[in-house]
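Visitor: Have a look at this one before I ask anything.
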Amino acid sequence: MPRAGFYAVESGKISFRRDGNWYTDEERIDNPRIALLFSRSIRRNPDGSYFLQVGDERASITVEDTPYVVKSVEGDAATGFTAVLNDEEREPLDYGSLEAGPDNVLYCRVKNGAFRARFLRPAYYHLSDCLGMDDDGGFYFKVAGQRYPVRQAPADTHPK
């Protein structure tokens, strides 16, 4: 009996892009169930590259920026925030890990600090009222009466 696997896309190049969508070759994968399966199946090789692991099947993938994105945020400045990731996991937002990257894109650490996640616009806008600028020009994030500095990500570092 033939095994189910990645046969439908095995001839294509699978990628996860900075817009938070999955692609095969240059075509966006619009099926939300496949996109969720892929997001829940990301694994990292020892060399830092990524692959999908579904059962016994593996497929190499290209990650354009980060393997996870913060697609939305729940909560408010008084009680705190929860990040909702592309794999639909919810985790408390790690305020101390916030970084501003090129073009002021916001990033944070997820999965117990193992990965960086890029904020998609809806999530970023949800937090925008909590972002401020110090007198010295540095940014901070204010939640539950506390200020957390938003570090500037090194320009030469590829986020993982």
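Visitor: Scan the stretch 79-113 for residues that are at pLDDT 95 or above and part of a loop (DSSP other than H, G, I, E, B) and jot them down.
Guide: N86, D87, E88, E89, L93, D94, L98, K111, N112, G113
Visitor: Restricting to the stretch 41-73, what's the tally of residues that are within 16 Å of L106 (Cβ to Cβ) and exposed (fewer than 14 other Cβ atoms within 10 Å of the Cβ)?
Guide: Number of matching residues: 0.
Visitor: I would also like to ask the following. Could you list all residues from the stretch 23-40 that are within 19 Å of E89 (Cα to Cα), open to solvent by 20 Å² or more (accessible area, probe 1.4 Å) and polar (S, T, N, Q)?
Guide: N31
Visitor: Follow-up. Conditions: (1) more than 15 Å from G20 (Cβ to Cβ); (2) open to solvent by 80 Å² or more (accessible area, probe 1.4 Å). F141 meets all but one. Number of the miss?
Guide: For F141, the failing item is (2).
Visitor: Looking at A153, A117, which one is surrounded by 16 or more Cβ atoms within 10 Å (Cβ to Cβ), small (G, A, S), within 20 Å of the chain's Cα centre (by Cα) and farther than 17 Å from G20 by Cα?
Guide: Testing whether each residue is surrounded by 16 or more Cβ atoms within 10 Å (Cβ to Cβ), small (G, A, S), within 20 Å of the chain's Cα centre (by Cα) and farther than 17 Å from G20 by Cα leaves just A153.
Visitor: What's the total number of residues in the stretch 13-22 that are in contact with a strand residue (DSSP E or B) (Cβ under 7 Å, 6 or more places away or on another chain) and open to solvent by 30 Å² or more (accessible area, probe 1.4 Å)?
Guide: 4
The values are calculated or read from the model by the stated rules, or taken from the named source; none is laboratory data. Just so we're clear, the structure is a prediction, and the values are computed from it rather than from any experiment. Cβ: placed from backbone, ideal geometry, glycine included. Neighbour counts: every protein chain shown. When the accessible area is computed, the model is the full protein with side chains, heavy atoms only, and any ligands, DNA or RNA have been set aside. Shrake-Rupley method; radii C 1.70, N 1.55, O 1.52, S 1.80 Å.
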